[in-house]
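Scroll down for the structure; my scribbles are underneath it.
The values are calculated or read from the model by the stated rules, or taken from the named source; none is laboratory data. In this text the structure is predicted, and so the values were computed from the model without any measurement. Ideal geometry is used to build each Cβ from the backbone, glycine not excepted, and the neighbour counts take in all protein chains shown. Note: accessible area is taken over every heavy atom of the protein model, side chains too, but ligands, DNA and RNA are not part of it. Shrake-Rupley method; radii C 1.70, N 1.55, O 1.52, S 1.80 Å.
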Amino acid sequence: MEHTMHAKYGLKRVVNASGRMSILGVSAPTDTVMEAVKQGGQQYVEMADLVIKSGEHIARVLEAEGAVAVNSASSGIALSVAAVVTKGQQRASLRLHQDPIYVNEIIMFKGHNVQYGAPVETMVALGGGRIIEVGYANEGRTEHIEEAISERTAAILFVKSHHCVQKNMASVEEVSELARRHRIPLIVDAAAEEDLRKYIRYADLAIYSGSKAIEGPTSGIVAGKQPYTDWVRTQLHGIGRSMKVGKESIFGLLQALDEYMVKLDKSEQEKAALAELDSLSELPGVTVNVVQDEAGRAIFRSRIHIDAGQAGMNAAVVNDQLREGDIAVYTRDYGVKQGYFDIDPRSLQGDDMTVIASRIREIIGGRA
């Protein structure tokens, strides 16, 4: 595989075994998506018309009432919050952080206020919202939300993510029923989720990354019900101006979305590819198992468990050495303090799997 661009700018080759992570550039779009980026970038278009027409196309594909292409799922949170606190009023939108807004409370579970590269609460504040955390770090029930509803409640925010606490948490279906009963807008941040249409059914505004499951260029989608999506579009002339998405990214996103909706499920092939790592169990202190994604998605990963006593080093040291080598191997490392890290096959290319196996063998002593 050619890495001439990396060499030109003094960058390392990266083996991405961590999944669709922003710190590594999220995903590697197909040639046809990049061709759409190229054609979109090299031609002029009326941007206001593109914003409307791209939103209509996304809405048709996702079976939503409306949609807006944005520059990331992260900005999607800020713009959605700004939409519900301003109710799409132009003056309020343009003076978001200058004029006080009375109805600005965004209720969310404490276990959902996560750090994903930035804290969720930072994006809510950027959108002019004031977070009301409910529940506990290890428990979130619908009654916790219900008890916090007041005349100042602008929306409920539900975060569907592997970063969040998973146990003892009310489901999106339960929270949606509560929101509808109280006639309060529900915003669902489903940035990395794969079932795009599911969250449209339960949310008033559903937020997706355009570059995670969809594998488009850096971008995002806010889709859902009207007038909420219209209110989001109003924000593009307020705080959204600093988050604008280029024409090339919009065309790439549309192409990637079309491809995604007819994409075959590759989870079984990905699971089979992980078999190359099974022989690492022959190394002292190393155990290899296949595990499914913690948030229930059809994603399978190899879990490399390291017994520090037998291996002579712990999982954190192995993981650090993988990342700091001449070829930077990034694992899904949330579990290093518990003695393991995971290998996510979805973003691996060429001989990446072989590189991972040989590097782990080298680090743990070169014993085969």
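Scanning for something among the aliphatic types (A, V, I, L, M), crowded, with 16+ Cβ neighbours inside 10 Å and part of a strand (DSSP E or B), does region 16-27 turn up at least one residue? Within region 16-27 (the criterion being among the aliphatic types (A, V, I, L, M), crowded, with 16+ Cβ neighbours inside 10 Å and part of a strand (DSSP E or B)), the answer is yes, since at least one residue qualifies. Taking into account only those residues within region 80-103 that are surrounded by 13 or more Cβ atoms within 10 Å (Cβ to Cβ) and of a type in the set (Ser, Thr, Tyr), which is farthest from ILE156 (Cα to Cα)? Among them, the one singled out is SER93. Among the residues of region 237-248, those identified as assigned to a helix (DSSP H, G or I) and either of a type outside the set (Gly, Ala, Ser) or loosely packed, with under 13 Cβ neighbours inside 10 Å (or both) are HIS237, ILE239, ARG241, SER242, MET243, LYS247, GLU248. What are the residue pairs meeting all of these: first residue in region 263-280, first residue farther than 12 Å from MET353 by Cβ, second residue surrounded by 13 or more Cβ atoms within 10 Å (Cβ to Cβ), Cβ atoms under 7 Å, and 6 or more apart or on different chains? Final answer for the pair search is ASP265/ALA298; SER267/ALA298; SER267/ILE299; SER267/PHE300; LYS271/VAL290; LYS271/PHE300. Inspect all residues belonging to region 46-60 and state whether any of them is at positive phi and either of a type in the set (D, E, K, R) or open to solvent by 60 Å² or more (accessible area, probe 1.4 Å) (or both). No, there is no match, as no residue in region 46-60 is at positive phi and either of a type in the set (D, E, K, R) or open to solvent by 60 Å² or more (accessible area, probe 1.4 Å) (or both).
Please enumerate the residues belonging to region 168-186 that are charged (D, E, K, R) and on the phi > 0 side of the Ramachandran plot. ARG183 - this is the single residue of region 168-186 that is charged (D, E, K, R) and on the phi > 0 side of the Ramachandran plot.
Kindly indicate whether LEU254 is within 19 Å of the chain's Cα centre (by Cα), farther than 15 Å from ARG346 by Cβ and among the aliphatic types (A, V, I, L, M).
On the way: within 19 Å of the chain's Cα centre (by Cα): yes; farther than 15 Å from ARG346 by Cβ: yes; among the aliphatic types (A, V, I, L, M): yes.
Answer is yes for this residue.
Which of the following residues is farther than 26 Å from HIS163 by Cα and in contact with a Lys or Arg (Cβ under 8 Å, 6 or more places away or on another chain): GLY325, GLY350, GLY365? Reasoning before the result, please.
Values: GLY350 fails: in contact with a Lys or Arg (Cβ under 8 Å, 6 or more places away or on another chain); GLY365 fails: in contact with a Lys or Arg (Cβ under 8 Å, 6 or more places away or on another chain).
Going through GLY325, GLY350, GLY365 in turn, the sole match is GLY325.
When region 28-43 is limited to residues that are modelled with pLDDT of 95 or more and part of a loop (DSSP other than H, G, I, E, B), the one that is farthest from ILE327 (Cα to Cα) turns out to be GLN43.
Restrict the check to region 249-267 and report whether at least one residue is in contact with a helix residue (DSSP H, G or I) (Cβ under 8 Å, 6 or more places away or on another chain), of a type in the set (Gly, Ala, Ser) and surrounded by fewer than 16 Cβ atoms within 10 Å (Cβ to Cβ). No - not one qualifying residue is present in region 249-267.
Show me the helices (runs of 4 or more DSSP H) entirely contained within region 135-236 in which 2 or more residues are open to solvent by 10 Å² or more (accessible area, probe 1.4 Å), out of contact with any Leu (no Cβ under 8 Å at 6 or more places or on another chain) and over 30 Å from GLN255 (Cα atoms). Lay out the reasoning, then the answer.
Working: elements: 142-148, 172-181, 196-202, 228-234.
Counting at least 2 such residues, we get 142-148, 172-181.
Go through region 157-176 and give me each residue that's farther than 24 Å from ARG332 by Cβ and either without any contact (Cβ under 8 Å) to a residue 12 or more places away in the chain or touching a His at 6+ places or on another chain (Cβ under 7 Å) (or both).
At the first step, the residues of region 157-176 found to be farther than 24 Å from ARG332 by Cβ are 157, 170-171, 173-176.
Passing the criteria: only SER171.
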